[in-house]
1. In a GNM of the chain with a 10 Å cut-off on Cα contacts, which of 60, 42, 20 has the highest mean-square fluctuation?
2. Send over a whole-number figure in Å² for the accessible area per residue of segment 3-85, probe 1.4 Å.
3. Which residue, 71, 17, 30, tops the fluctuation ranking in a GNM of the chain built on C-alpha contacts under 10 Å?
4. Pick out, from 42, 84, 20, the residue whose Cα sits farthest towards the positive end of the charge dipole of the chain, with +1 on the Cβ of Lys and Arg and -1 on the Cβ of Asp and Glu.
5. Whenever you get a sec, compute what percent of the accessible area on the chain sits on carbon and sulfur atoms (1.4 Å probe).
6. Under 5 Å between amide H atoms, partner at least 5 residues away or on a different chain: which partners does residue 55 have, H built in plane at 1.01 Å?
7. If one puts a single equal scatterer on every Cα of the chain and applies the Debye formula without solvent, what log₁₀ I(q)/I(0) results at q = 0.15, 0.17, 0.22 Å⁻¹?
Amino acid sequence: MVRRSRTEVIIDILSEALKGANKTRIMYRANLNFLRFNKYFGELVSQGLVELVTNPDDTGLVYRTTDKGRALLETLKKAKRFISL
């Protein structure tokens, strides 16, 4: 089994947070254990790539990818496609 790179993990987290989700959903969908998730997620929040917002469905607070995070996500996806050629 091949481990995912740091870039792939960041892509997974930012992708899952695009429409807004709680920490547990992002962690499970990104297929990360608690310790790895907290490490990556803390870095993304502190750099302003993910933010805590009120859910429009009025179900509480969720984390969502910011505009800065979306720009990074698109750049990382393009780089990944370019490298896979």
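1. 60
2. The answer is 67 Å² per residue.
3. 71
4. Result: 84.
5. Carbon and sulfur atoms account for 54 percent of the accessible area of the chain.
6. Correct list: 60, 61, 62.
7. -0.53, -0.67, -1.06
The values are calculated or read from the model by the stated rules, or taken from the named source; none is laboratory data. Quantities reported herein were computed from a predicted structural model and do not represent experimental measurements. For neighbour counting, all protein chains shown are included, and Cβ atoms are generated from backbone atoms with ideal geometry for every residue, glycine included. These accessible areas exclude ligands, DNA and RNA; they are computed on the full protein's heavy atoms, side chains included. Shrake-Rupley method; radii C 1.70, N 1.55, O 1.52, S 1.80 Å.
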